[in-house]
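First the structure, which I've put down as structure tokens, then a few questions once you've had a look.
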Amino acid sequence: MTVRLIGVSNLPVGLNVSGCLSVCLLPCNGLEPCPGCIPAQSHLERELRQHKFEMLDRHVIHENSICSRKLLDTPRSTINVSNCIKRHYRSLKKEILCIASLKCWKRKTPDYIYLPLLFWVLDPAEGFYYVWIQVMILPIVYNCVIIILSAIALNYLPVWLTLDYLSDVMYIADMIITLHTGYLDQGILIKDLTRLKDRYLHSKRFLRDLASLLPTDFLYFAFGIQTPLVRINRLLRLPRLNEALDRMETRTSYPNTFRISKLMIYIFVLIHWNACLYFALSNYIGFGSDRWVYPNMTDPQFASLRRQYFYCFWFSAQIFTTVGDTPLPNREEEYLFMIADLLIAVLVFASIVGNVGNVITSLRDRDNVFFPDHDHYISKELRQRIDNWYQHLHINKKIMRENEILQHLPVHMRTEIAVSVHLSTLSKVTIFQSCEKSLLEELVLKLTPQVFSPGEYVCRKGDVGHEMYIIKDGKLAVVADDGITQFAVLSEGTFFGEISILNIKGNKSGNRRTANIRSIGYSDLFSLSKEDLRDVLSEFPAAKSHLEEKGRQILTKMGMLEESGEVEKKEAEKVDKKIARAENNLEVLQTKLARLMVELESSNQKLQIRVEQLESEVAALLASPGNREEREIMQARRREKKHSSVRHDCHIFVHLRF
Ligand SMILES: Nc1ncnc2c1ncn2[C@@H]1O[C@@H]2COP(=O)(O)O[C@H]2[C@H]1O
């Protein structure tokens, strides 16, 4: 019995006209349901789908090649090319979606894993994310302003309700987008959806976001629609507003103007809330019951909603700007309200003064640092790196100028801080684990903290090594010269850079670095200079042998360590060479000495002749009568001299012989 699959060639693959997958046992044209078409067995159905999947796959490849050929053949008019790409893209997209859903079916996995939209991960540095959080400012500010306003002014209820639920929709969308937003881990963007989900769903932020979306509106049924304050939980999204404003601040070309504007917006919201509370209190006490409260509504001058708002806002602004030209309170509630307001006003005023001061200082600093001569400005890419650096500091709650700050402390206090902060890292390093605490404390003071940005090289192969490094935080890769191929990844608590400074016997690279080390994300390292390491190791022979052993292992793996027999042979050769050189030097010295001796002898003889000449001249002079005594003295001296010169020559001779 031949089993024929209907429709593989002439119908939508795998479906007969009746719409079901069938296996026909009779001659069948596949256009009408026939008695021979029986429901497909599951394995046949699977085969059929598999077949369709393969066909589609082939089709996509075919389409792809046609389009690339078209792209090459068509005259290079931009319109043609772009149209072709668009068409190709559209058809590919359809096919991919189709294949994706088939794959889902094939692997029996839920669709969401394969739908491209749900695969989507946002880079927080991208424009879209930036635009989105700017958009999110609207619903958050709306809730900040409107919740309290609609509580006291119930007009336009349908408008408020519509906007309320629109803002809720945006809140939900924001949660989805947050779930799909990558984050920086040590400067590396994490795009793995599972990790993103895990991180967000287990964060406090998720709880806060969820709480801000709790349907507290159901409380309207209990308290009535006139109580929009039940939606106060929507204000839990305020941190998102801060994030949006912070991002704007880093992008704007006028950060100082922006900071002042941001402060003004905060003050505006504060005054707005206070104005609404003032109106509510006036309502509670009774409009127009005294001079302090809002005037009576029966007066047409104060009846309009606009006038009500402006009056209350003006009243509140007077207090918060510490102008204080408001009517005196009469009742206790009014006094309490004023006291609380005046206390807040002091803080508001102080923050205005402080912020403006900061702006002026930062203006000066920024100009000095980034625009020293106003002719140069830093590139966009460098700006981005600086932004990322500050983000990294902010995310990891790190402080800058740590050393500079520590410099101001007394030595013993600095030591204590360094020990308490860095000792834990040091004690994780295998070589120092067995060391005494006192020595580790000594070592801590010799460490210099260094930070490397993503992609930055800590050392390059072939450089002369001056220090070794201990990883406090972050990940670094041992990379090939292409900068991409990774041989190993070093993480927290490990060390590197010791080979080139240790003088390991048989190390072919001498004092040169054996590998390139590149920081993967941001890395916090401690560097320890060659001299300090030598001092430390002289007190820790065990650590020294551990370091050397590790170095030797790496060198052996790299084939950069000479064999032990070879090393000894080389050492013997070196000693032989040294002896030969010393013998040569000795010979040269001996020749020089012999020459000097000859010279000395000849000059001695000359001197003697000269002295004799002089003596005979003196003797002639003395031969005259009356100088007999002096003549005898002279002769005695001459004899004496002769003896001493012979003695001297003998002494030199003996010395040289020796
Ligand atoms: N394969 C490797 N695995 C781990 N560390 C390595 C490897 N190759 C080189 N290193 C380290 O990288 C350092 C580069 O500088 P040094 O040669 O001084 O010392 C080297 C080692 O500490």
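Tally up the residues in the stretch 411-428 that are open to solvent by less than 30 Å² (accessible area, probe 1.4 Å) and either without any contact (Cβ under 8 Å) to a residue 60 or more places away in the chain or in contact with a helix residue (DSSP H, G or I) (Cβ under 6 Å, 6 or more places away or on another chain) (or both), please.
5
Given the criteria closer than 30 Å to residue 388 by Cα, among the β-branched types (Val, Ile, Thr) and either in contact (Cβ under 8 Å) with a residue 60 or more places away in the chain or in a loop (DSSP other than H, G, I, E, B) (or both), does residue 431 qualify?
On the way: closer than 30 Å to residue 388 by Cα: no; among the β-branched types (Val, Ile, Thr): yes; either in contact (Cβ under 8 Å) with a residue 60 or more places away in the chain or in a loop (DSSP other than H, G, I, E, B) (or both): yes.
Considered against the rule, which asks whether it is closer than 30 Å to residue 388 by Cα, among the β-branched types (Val, Ile, Thr) and either in contact (Cβ under 8 Å) with a residue 60 or more places away in the chain or in a loop (DSSP other than H, G, I, E, B) (or both), residue 431 comes out as no.
Also, quick follow-up: Quick one: would you say residue 548 is under 16 Å from residue 507 (Cα atoms), touching a residue at least 12 places away in the same chain (Cβ under 8 Å) and surrounded by 13 or more Cβ atoms within 10 Å (Cβ to Cβ)?
The answer is yes for residue 548.
Looking at the stretch 516-531, which of its residues are within 16 Å of residue 494 (Cα to Cα) and among the basic types (Lys, Arg)?
Hit for the stretch 516-531 is 518, nothing else.
Something else about it: Exactly one condition in (1) closer than 30 Å to residue 482 by Cβ; (2) modelled with pLDDT of 70 or more; (3) assigned to a helix (DSSP H, G or I) is not met by residue 450; state its number.
Result: residue 450 passes all but (3).
Separate question: Report the residue count in the stretch 206-235 for those that are in a helix (DSSP H, G or I) and open to solvent by 70 Å² or more (accessible area, probe 1.4 Å).
Going through the stretch 206-235 one residue at a time, the tally reaches 10.
Moving on. Do we find a residue being within 22 Å of the chain's Cα centre (by Cα) and open to solvent by 40 Å² or more (accessible area, probe 1.4 Å) anywhere in the stretch 516-526? Please lay out each step first, then the result.
Our first condition is that a residue be within 22 Å of the chain's Cα centre (by Cα); within the stretch 516-526, this holds for 516-526.
Still in the list and also open to solvent by 40 Å² or more (accessible area, probe 1.4 Å): 518, 520.
Yes, the stretch 516-526 contains at least one residue that is within 22 Å of the chain's Cα centre (by Cα) and open to solvent by 40 Å² or more (accessible area, probe 1.4 Å).
Please go through the stretch 289-317 and give me each residue that is in contact with a Phe, Trp or Tyr (Cβ under 8 Å, 6 or more places away or on another chain) and within 15 Å of residue 329 (Cβ to Cβ), ordered by number.
293, 294, 315, 316
Among the residues of the stretch 452-479 satisfying the criterion of being of a type outside the set (Gly, Ala, Ser) and more than 13 Å from the ligand (Cβ to nearest atom), which is least open to solvent (accessible area, probe 1.4 Å)?
452
While we're on this one: Looking at 258, 320, 279, 287, which one is hydrophobic (A, V, I, L, M, F, W, C) and open to solvent by 40 Å² or more (accessible area, probe 1.4 Å)?
The match here is 287.
Under 7 Å between Cβ atoms, at least 6 apart or on separate chains: pull out the pairs that start in the stretch 311-331 with a residue that is without any contact (Cβ under 8 Å) to a residue 60 or more places away in the chain and end on any residue that is in a loop (DSSP other than H, G, I, E, B) and loosely packed, with under 14 Cβ neighbours inside 10 Å.
Hits for this filter: 318/324; 318/325; 327/291.
The values are calculated or read from the model by the stated rules, or taken from the named source; none is laboratory data. A quick note: this is a predicted structure, and the numbers were derived from the prediction, not measured. Using ideal geometry, Cβ is built from the backbone for each residue, glycine included, and neighbour counts are taken over all protein chains shown. What goes into the accessible areas is simple: the full protein's heavy atoms, side chains included, and nothing from ligands, DNA or RNA. Shrake-Rupley method; radii C 1.70, N 1.55, O 1.52, S 1.80 Å.
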